[in-house]
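S.K.: One structure, pasted below without further comment.
The values are calculated or read from the model by the stated rules, or taken from the named source; none is laboratory data. Fair warning: this is a prediction, and the values are worked out from it, not measured in the lab. All Cβ positions, even for glycine, are placed from backbone atoms using ideal geometry, and neighbour counts span all protein chains on display. We work out accessible area using only protein heavy atoms, side chains counted, and drop any ligands, DNA or RNA first. Shrake-Rupley method; radii C 1.70, N 1.55, O 1.52, S 1.80 Å.
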Amino acid sequence: MATINTYLGFMGNTEKAFNFYRSVFDVDFVGGIRRFGDMPNNELMSEADKQKVMHVGLQIGPGNLLMGTDALESMGQSLIFGNNFHISISPESKEEAIKLFNGLSSGGTVTSPLKDTFWGAYFGAFTDKFGVQWMVNYLQKVD
């Protein structure tokens, strides 16, 4: 069965927020901090945007992740109270990812179709018909 985690969006202060959360929960970052500069084909991105946080996560208790990212205005992203979080689903298989993505996005708006990503996941994002933002992230097993 899939797990569900909280994914928070910030306007440039993700690292500061997650350093605070890390100190409160007394845990380390899962996999470190990934920056937008780590993305392939980032030549047109400003040096400031390259330093922003693309992904960071904290393991808080068994099976629970608090994750975060910076929204980049240069990529057309903006945040207002209420759109700064996603429910992130981590399915156990690609088939489950497709089923959950198609079911939950029905009648909603797909913002990122399901596809293979450079970080090794099968990923997609959407806003459901009730205005809730979701991400489906199946981390493919490497043998």
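S.K.: Specify the longest stretch of the chain that does not include any exposed loop site, a site being one of the chymotrypsin sites (Phe, Trp or Tyr not before Pro) with a non-H, G, I, E, B DSSP assignment and at most 12 other Cβ atoms within 10 Å.
M.R.: On the way: sites that count: Phe81, Phe118, Phe130.
After excluding every exposed loop site, the longest remaining stretch is 1-80.
S.K.: Suppose every Lys and Arg Cβ carries +1 and every Asp and Glu Cβ carries -1, with no other charges. What dipole size does the chain come out with about its Cα centre, to the nearest 20 debye?
M.R.: Details: 11 positive and 15 negative charges, 39 e Å.
Using Cβ point charges on Lys, Arg, Asp and Glu, the chain gives about 180 debye.
S.K.: Could you check how much of the accessible area of the chain is carbon and sulfur, as a whole percent, using a 1.4 Å probe?
M.R.: Details: 4850 of 8590 Å².
Carbon and sulfur: 56 percent of the exposed surface of the chain.
S.K.: Give the label of the value calculated from the structure for Rg/Rh (Cα atoms, Kirkwood Rh), choosing from (1) 0.97; (2) 1.24; (3) 0.95.
M.R.: Answer label, from the structure shown: (3).
S.K.: Can you find, among Phe18, Gly57, Gln133, the residue sitting farthest towards the positive end of the charge dipole of the chain, where Lys and Arg contribute +1 and Asp and Glu -1 at Cβ?
M.R.: Gln133
S.K.: Just how much of Ser74 is accessible, in Å², when a 1.4 Å probe is used and the result is rounded to the nearest 10?
M.R.: Only protein atoms counted, so the area is about 90 Å².
S.K.: Sticking with this structure for a sec: Please compute the modelled spin-label separation between Arg34 and Lys16, points set 7 Å along Cα→Cβ, answer in nm with one decimal.
M.R.: Calculated label separation equals 2.5 nm.
S.K.: Next question. Whole number in Å², please: accessible area per residue of segment 34-143, 1.4 Å probe, ligands, DNA and RNA not counted.
M.R.: Values: 6480 Å² over 110 residues.
Using a 1.4 Å probe on heavy atoms only, each residue of segment 34-143 averages 59 Å².
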